[in-house]
Amino acid sequence: MRSDALGSRVWFDPIGLQVEPGTIIRWVVRQNVHTTTAYHPRNDHHPLRIPERAAPWDSGYLVNPGNHFEVTLTVPGVYDYYCMPHEAAGMVGRIIVGNARGLSARPFDYWKGQPGTESWHHVPAVAREAFPGIAQIVAEHRVHRNEH
């Protein structure tokens, strides 16, 4: 979890990752205040962007450099996550768990018009544009933001 000295640019590094089921993922704060929060309706009415059988996570605010949060991802699929205070700045990430064959990220507004989704928030345009593509993650296994 990174930031420039002024806090005007924020990012997860890596922003894209492919791992095997059962891998422990650890986010560590390097600068600024961040969260790692799964896209899930239980997290402030965000759309479901993790596998349906997977448990959502929310680290809460990690304030000091070195603070960290871990999850073990066991359900194969695509996991999208964001930083609560910096989602609108494009601080998002994507993890592919398992074999990527047949996996695809859901279109961002797939849920529109479905019963029970009226309170869900849209993913901001800047965040949508920041996600690395699945093909890039599969090819590289670890994707870093180009601008940093």
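Values quoted throughout were computed directly from the atomic coordinates according to the rules given, and no laboratory measurement underlies them. Here the structure is a predicted model, which is why all the values come from computation and not from measurement. Note that we place each Cβ from the backbone using ideal geometry, even for glycine, and neighbour counts take in every protein chain shown.
Worth a mention:
- Placed amide H near residue 23: partners under 5 Å, 5+ positions off or other chain: 73
- DSSP-loop GluC sites (Glu not before Pro) across the stretch 48-148, with at most 11 other Cβ within 10 angstrom: 52, 118, 147
- Point-to-point label distance, residue 4-residue 64, nm (Cα→Cβ direction, 7 Å offset): 2.8 nm
- Three-way shape label, the chain, alpha-carbon gyration tensor, a/c 1.5: rounded
- Total charge dipole magnitude, the chain, about the Cα centre, Cβ charges on Lys, Arg, Asp, Glu only, Debye to nearest 20: 180 debye
- Distance (nanometres) between label positions extended 7 Å along Cα→Cβ at residue 23 and residue 141: 0.9 nm
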